[in-house]
Structures are given as structure tokens and as C-alpha cells.
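Participant: Submitted below is the structure of interest, expressed as C-alpha cells.
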Amino acid sequence: MNRLLSTGLASFALLSATSLSCGSQGSNNNQQTIEPAKSSAIRVTDPQVSADDTATLASDNAAFALDAYHQMAAANSNLVFSPASISIALAMAYAGAAGTTASEMAATMHYTLPPERLHPAFDALDLALASRGQGKLGADGGPMQLHVVNAAWGERSYTFESAYLDTLATNYGTGLNLLDFITGFESARVTINDWVAAQTENKIQNLLPEGTVSADTRLVLTNAVYFNAAWLMPFDPTNTHDGTFNLVDGTTVTTKLMGATLANVAALQGDGFAAVALPYQDDRLSLLVVVPDSGTFAAFEASLDAAKLTAIVAGLTNQQVLLGLPRFHTETSQSLGDVLQALGMTSAFTAGQADFSGMDGTHNLYISDVIHKAFIDVAEKGTEAAAATAVVMDGSAAPSGLVIYADRPFLYFLRDQPTGALLFMGRVLDPSKS
């Protein structure tokens, strides 16, 4: 087999949305000089992906998103994460998996497309998202931003299969950045963390704490997602007031509630819930807010799956809405290793059983952890959000219309409507906390 780079063994790490990790303590706090090692392949910028494959990818990613949500919600209060980031990161790892490891990853991630169609579909999704927001405003008054950026970081002495690196180049737009993990793993960690911070406007920092990268690290795959957009119909700050928010346990907190009367917005009064999709200036993107009836949040949340979410989206119709929504700022940092193993991805985390031979031609690499970190801030002018996923692999009374008053726990989904991509999703149980 043809290979790129030379020999060695140890760990592999994959990162989506901002950064990635592995191992133990390092040698210095300085950045390393990065040596680029580009594949001879170039990115396909006009992938021929059918509408059916685009729809399948969206449906599959949503199914994984809801599976992951139910696992993550058990350990969190307020919650935010990026399903798109996690799916892209693990797709880059899946490109090097084989055998039982590949089949378990496909089942867990709901990758139903065969690899020769899956990776181009992710390429098309990435390129579609990159086209959003041109000429529109961000929440901070600057240009709207939606960045989905991939990068690969490899141990400079290690051997990788050229076919695997070609897949990363053609479908994920990344070459290989060569670092010295063996003798300078701490400086390599700092280098990757700085890349993550730069790609997320410094919203995701120190994704890889000390002790997470070691001399055994061999590969880090990174995908950074950053979103900053103004509402199409901003909230009037003069309508923001102190209000009461009812918690799940029956107690209350005081929070800032934003109020607006929206003349023509997609909304739905459903059976046991109300929903509204708040468009951004590029109205292909919106924040879907779903507010279960009072006292029913836990039951509604437990019943929510991809099919129910699809039905909610399909039921939205344009109408006048009187809206009350709290400002909220949420940050989540969580290891996803247990989550993914509970969903069936077990051999990938087991030394001696994991098969990532498509990456290096051996069976030496396995995932030691998957780390995800995300941030979202929703206010009167718009939304800012960022996320990071790391897969670590080691060797060895009002105007007429619908009233939606989110004075109780609710769920939210930041969606790209043409592709169906869930860029961010989560829940707000207490807006007075992050």
C-alpha cells in the first residue's frame, strides 16, 4: 500500500468544531512550527450529490443528534452541543475504520450511506454551509459568520495511508499539519488549542487541557464550527424586562425576558407544545424554539425523536406570534466516550479490538475518549455559537395570533433549512445559569 510519512506507533485524536486531545504532560508552552504535508488530491468543490443523499444525510444526522441528546441530557442542566460538529469529526475517523469498528460506528452515528457517497455528502454539506450569510449582519454588528473548518495534525515521524489522507483532502478540505508529538507534545497541544481559539473567535479556549496530549499521540483531526448572526427581526431592547421563569422542580428564578410581536413567522401550536422558528438575516438559518406545556417538559423530552422533530418542522406555518423568550448563555463541556459506547460504538474504544487500519495499515490505534465543548449566546440582536469535538485515540394578552411565552423549560435547534443540518441544539432549564 502507498503511505505518506514514516514509522511509529501511539495515539490518534480526532477533533470536530475546534480542537482535540490525547495523553499526558508535555515539554514546553510554546507553539510549534507547523510543517504542511499536502496530499496530491485536491478538494472536490462541486460534489455530485443527489437530493436523496442530501436528505438521507440530514435524516441520519438528526437521528444521531436525538440519540446523543438523550444520553447527554441525563448529565446536564442547561445543554448545548453541535450535532454537525460531532458527526463531521467522527466521519473523518470513520473514513479510516474497518470491520466491526466501522459497522459499529456506522450504526451509532446512523451513517446509512455507503462511504463512497457519505463523504461526498459531508463535503456538499460543508460547502453549502460555507455559502451562508454573505452580505448579512452578525449579532455583533459585523458581518455574519458561519465557518465550518477542518484540519488534520499528524506526528511527523508516523506512517499514514495515502488513500486515507486523500479522503480527508478531497471531502474535508484538509491536508496534514506535521507536529512533533513524541518530544514536544505539550507545545503541540498549545498549537492545536491556539488554532481552535482562532477558528472560534476565542470562544472555545484550552479545549485540550494539560495532560490530554502525550508522546503517544499520532493524529488529531479537527473541525471548527463558529456561528454569529443577527436576527431577521431583532428584539426591541426596550421590551426586555425582568420576568419569572418556572423551573422543573416548581421553584422560580428571575431572568431577563425578551418580548416581540412577530407579524409573519413560522410557528405551530401543537399537541402539548408550541414552537416557533426565529429566522436570521440569512433566513435559510433559524433557531427553532420548542416550548412544552407547563409541567410536561420531562415527558415531552423523553418522547422527542427525529421523526417527531421532523413533524414539528413540517407543521410550521407563517403566522403572527406574540413571543416571550429569555436571554440565555450556555456552555457545555463533556466527555462523549460513555455516550457513544452506550449507543453501541464499543470496539472503537477497546485496545486490541479497534480496527482503524485504513488510517495506518495496522490495528494499533483506538479511541481513548471523545471530548465535546460548545457555547451559545442568544440575545436581542442575534446569536453567537461555537463548538468543538475531540476524538482521542491511543495505541496500546396581546395582539391576535399565537402566544408563545417561554417562561418554563424549552428546547432549541439551530437549523440550516435547505440541508436540514442541526448546527447546534440543546435545552434551557434555568436561564439564570450558564
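Participant: What residue, of 240, 255, 251, is more than 30 Å from residue 93 (Cα to Cα), at pLDDT 90 or above and in contact with a Phe, Trp or Tyr (Cβ under 7 Å, 6 or more places away or on another chain)?
Facilitator: Just one listed residue meets the conditions, 255.
Participant: Can I ask one more? Filter segment 310-348 down to residues that are within 18 Å of the chain's Cα centre (by Cα), of a type outside the set (Gly, Ala, Ser) and surrounded by 17 or more Cβ atoms within 10 Å (Cβ to Cβ) and give me whichever is modelled with the lowest pLDDT.
Facilitator: 334
Participant: Let me ask something additional. Suppose we keep only residues that are in a loop (DSSP other than H, G, I, E, B) and among the hydroxyl-bearing types (Ser, Thr, Tyr) within segment 201-242. Which one would you say is nearest to residue 179 (Cα to Cα)?
Facilitator: Residue satisfying both the conditions and the ranking: 214.
Participant: Using the structure shown, decide if residue 272 is more than 27 Å from the chain's Cα centre (by Cα) and surrounded by fewer than 20 Cβ atoms within 10 Å (Cβ to Cβ).
Facilitator: The answer is yes for residue 272.
Participant: Sticking with this one: Can you confirm whether segment 72-79 contains a residue that is in the same structural domain as residue 376 (by TED's automatic domain parsing), part of a helix (DSSP H, G or I) and either among the hydroxyl-bearing types (Ser, Thr, Tyr) or over 28 Å from residue 287 (Cβ atoms) (or both)?
Facilitator: No, segment 72-79 has no match at all.
Participant: Let me ask another. Could you go through segment 111-122 and let me know if any residue there is at pLDDT 95 or above and hydroxyl-bearing (Ser, Thr, Tyr).
Facilitator: Yes, some residue in segment 111-122 is at pLDDT 95 or above and hydroxyl-bearing (Ser, Thr, Tyr).
Participant: Within segment 123-146, does at least one residue satisfy the condition of being under 17 Å from the mean Cα position of the chain (by Cα) and farther than 24 Å from residue 42 by Cβ?
Facilitator: Yes, that holds for at least one residue.
Participant: If you don't mind, another one. Look through 78, 61, 29 and report the one residue that is of a type outside the set (Lys, Arg) and modelled with pLDDT under 80.
Facilitator: Only one candidate passes the filter, namely 29.
Participant: Looking at (1) among the small types (Gly, Ala, Ser); (2) closer than 26 Å to residue 139 by Cα; (3) in contact with a Lys or Arg (Cβ under 6 Å, 6 or more places away or on another chain), can you tell me which one residue 294 breaks?
Facilitator: Exception for residue 294: condition (2).
Participant: On to the next question. Which one of 427, 408, 415 is assigned to a loop (DSSP other than H, G, I, E, B), surrounded by 18 or more Cβ atoms within 10 Å (Cβ to Cβ) and at pLDDT 85 or above?
Facilitator: Answer to the check: 408.
Participant: I've got another one for you. Restricting attention to segment 368-395, and to residues there that are over 30 Å from residue 238 (Cβ atoms), modelled with pLDDT of 80 or more and of a type in the set (A, V, I, L, M), which single residue is surrounded by the most Cβ atoms within 10 Å (Cβ to Cβ)?
Facilitator: Taking the candidates together, the pick is 387.
Participant: Output the number of the condition that residue 48 fails; it satisfies all remaining conditions of (1) at pLDDT 90 or above; (2) farther than 19 Å from residue 118 by Cβ.
Facilitator: Residue 48 satisfies every listed condition except (2).
Participant: Something else about it: With the condition kept exactly as written, say whether any residue in segment 361-371 is under 30 Å from residue 285 (Cα atoms), part of a strand (DSSP E or B) and assigned by TED's automatic domain parsing to the domain that holds residue 140.
Facilitator: yes
The values are calculated or read from the model by the stated rules, or taken from the named source; none is laboratory data. The model shown is predicted, which means the values in this text are computed figures rather than measured ones. Neighbour counts run over all protein chains shown; Cβ positions are idealised from the backbone, glycine included.
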